[in-house]
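Here is the structure we will look at, set down as structure tokens.
The values are calculated or read from the model by the stated rules, or taken from the named source; none is laboratory data. In this text, all values refer to a predicted model and were calculated from it rather than measured experimentally. Cβ placement follows ideal geometry from the backbone for every residue including glycine, while neighbour counts extend to all protein chains displayed. Only protein heavy atoms, including side chains, enter the accessible area calculation; ligands, DNA and RNA are left aside. Shrake-Rupley method; radii C 1.70, N 1.55, O 1.52, S 1.80 Å.
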Amino acid sequence: MTNTNEHDPAPWWRGAAIYQIYPRSFADSNGDGIGDLPGITARLDHIARLGVDAIWISPFYASPMADFGYDISDYCAVDPMFGTVEDFDALIAKARALGLKVIVDQVYAHTSDRHPWFAQSRASRDNARADWYVWADAKADGSPPNNWQSVFGGPAWRWDARRGQYYMHNFLAEQPQLNVHNPDVQQALLDVAKFWLDRGVSGFRIDALNHSMHDPLLRDNPPAPQDGRQRTRPYDFQLQVHNQSHPDIIGFIERLQALIASYPDTYSLAEVGGKNAAQEMKDFTHGPARLDSAYGFDFLYADKLTPARIAAAQDFWPDEAGIGWPSWAFENHDAPRALSRWCAPDQIDAFARMKAMLLLSLRGNPILFQGEELGLLQDEIPFERLRDPEAIANWPLTLSRDGVRTPLPWATQDEHGGFTSATPWLPLSAQNLERAVDRQEADPASLLNLTRHLLHLRRTSAPLRRGSCEVLVADETRLVLRRIAEGKSVLAAFNMGADAAAWLAEIATKGRVLAAVNGAEPGTLPAWGGVWIIEGEQA
């Protein structure tokens, strides 16, 4: 296992900072308005300069794009809109030369309805792949087998006349559910993982992993108690007890991790959503035979960022034997931009600096979504320009994922932000063009340059990178964490409020300031202030 340095026994991924790339919106190399793999390769220097350890690339596989790549028709092919397998190999080579690991998405819960596996499965009830998807007979009255609802709205079942049965889909009807209970399906998915590991990837982010197995008895889900929130989909009326999260997922996880771990320098990260995500994340990462890390939705859909929320998330992952290693994301391709959710428009710049330092203070792997280093905001996409199938189906009562997927602005003065020479697949906004890379490169005080500075400091700090975490204070606006590793400790103190806060007398002010934002210093916490203090060192 390659280490951070020759004296460091920890694997490279423990505490690694990861940069997520949504390929449609990162950089377009061929002028069709859609980002692609050569575009990513051409811009990898930007990511390497940030000081992250790895990139995670969202799906670029062959797909009819009903759900923009999460409906895969060939797991081992690159969709022509993104390039070729040779383009991917060139990306891997460039990343390796820059010292970046490459992680790619794996989608094991479902395929596209145009995948050859599904074409064969639906052809008859007795072919070699007849049991590769979840099929069930209609009830006596012709209605679906049970009451399960899909995430994107409506029943989780679609009638198929060829087999005279319903097939299950937890998401779009174009995404039929794989029957991962089937050992042959598991082996086929392991073969897919091996294909990409052999091409040089350093691991996987595994999409919707707890959706990969259902209750074979097809029992109805119970109703969900009213929690006061508006219900915009039939899915919200149920507890997802039987259509996902089957205990047998653990056995598949252990098979998958055994394969991943057989390759050097690899890392596995599960995405886990739902009402029981917290416990499932622990189950999926318990002990060395299971996955390395997991992340959920602690922050991705939160309407505010508070000390209590941070403290609860940190306390849930104690530094104890058998407990997995967490990962954290404040925003991603599915969740609205955090700055648009968490602060008032006139406080964005100061809040963004505090937020950047806070994410890098947590015990775990910080995941930055492309443009987060620029402070990009959520874009409002008019209905006629929407591409997100969930947003279109549930408009206007759902947050469009398109608003976080708009192209990355590279050049302020360029009509299309330097992203493309054509009309981009989603529009760029004036508010985000103003935050383009070239403008921030030239400003020493920009969020981009601050993020680089903080990432490089964190990379060389054992306490911040992989130390234990003790929550010392978490009141209405103040948060104080102590990170400890190798006999050293770093105090991370924050004021998460718009007014100055008093420093707590019980928190020592002696030590060397490693970094500070918004005028914070030992003994002083201005609005949105944050400071890292190396305890016990002379200032």
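Against the numbered list (1) within 21 Å of Pro307 (Cβ to Cβ); (2) open to solvent by less than 20 Å² (accessible area, probe 1.4 Å), Ala485 comes up short only at (1). Given the criteria surrounded by 15 or more Cβ atoms within 10 Å (Cβ to Cβ), in contact with a Ser or Thr (Cβ under 7 Å, 6 or more places away or on another chain), among the basic types (Lys, Arg) and in contact (Cβ under 8 Å) with a residue 40 or more places away in the chain, does Arg465 qualify? Criteria not met by Arg465.
Scanning region 427-437 for residues being assigned to a helix (DSSP H, G or I) and surrounded by 15 or more Cβ atoms within 10 Å (Cβ to Cβ) gives a total of 4.
Of the listed requirements (1) more than 20 Å from Leu189 (Cα to Cα); (2) within 17 Å of the chain's Cα centre (by Cα); (3) acidic (Asp, Glu), Asp105 misses just one: (1). Note on region 296-315: residues that are open to solvent by 60 Å² or more (accessible area, probe 1.4 Å) and not aliphatic (A, V, I, L, M) total 6. Suppose we keep only residues that are of a type in the set (A, V, I, L, M) and either surrounded by fewer than 22 Cβ atoms within 10 Å (Cβ to Cβ) or not in a loop (DSSP other than H, G, I, E, B) (or both) within region 108-125. Which one would you say is farthest from the chain's Cα centre (by Cα)? That would be Ala123.
Residues in region 347-394 that are among the polar types (S, T, N, Q), open to solvent by less than 20 Å² (accessible area, probe 1.4 Å) and part of a loop (DSSP other than H, G, I, E, B): 2 in all. Contact map, region 240-263: residues that are farther than 21 Å from Phe171 by Cα paired with residues that are exposed (fewer than 15 other Cβ atoms within 10 Å of the Cβ), Cβ distance under 6 Å, separation 6+ or inter-chain. Pairs shown: Glu254/Ala289. Of everything in region 488-539 that is open to solvent by 70 Å² or more (accessible area, probe 1.4 Å) and in a loop (DSSP other than H, G, I, E, B), the residue that is farthest from Leu305 (Cα to Cα) is Gln538. Counting the residues of region 57-96 that are open to solvent by 20 Å² or more (accessible area, probe 1.4 Å) and not polar (S, T, N, Q) gives 16.
The residues listed here are Arg435, Arg452, Arg458; of these, the one that is over 23 Å from Glu521 (Cβ atoms) and of a type in the set (Lys, Arg) is Arg435.
Quick grid of which residues meet (1) part of a helix (DSSP H, G or I); (2) open to solvent by 30 Å² or more (accessible area, probe 1.4 Å); (3) of a type outside the set (A, V, I, L, M, F, W, C); (4) touching a Lys or Arg at 6+ places or on another chain (Cβ under 9 Å):
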position	(1), (2), (3), (4)
Thr420	no, no, yes, no
Trp425	no, no, no, yes
Gln440	yes, no, yes, no
Leu455	yes, no, no, no
Arg458	yes, no, yes, yes
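Taking the criterion of being in contact (Cβ under 8 Å) with a residue 24 or more places away in the chain, open to solvent by 20 Å² or more (accessible area, probe 1.4 Å) and either outside any loop (DSSP other than H, G, I, E, B) or of a type in the set (Asp, Glu) (or both), the residues of region 130-154 that qualify are Asp131, Trp135, Asp137, Gln149. Look at Lys282 and say whether it is of a type in the set (Lys, Arg) and within 20 Å of Ser327 (Cβ to Cβ). Here the answer is yes, as Lys282 does meet what is asked.
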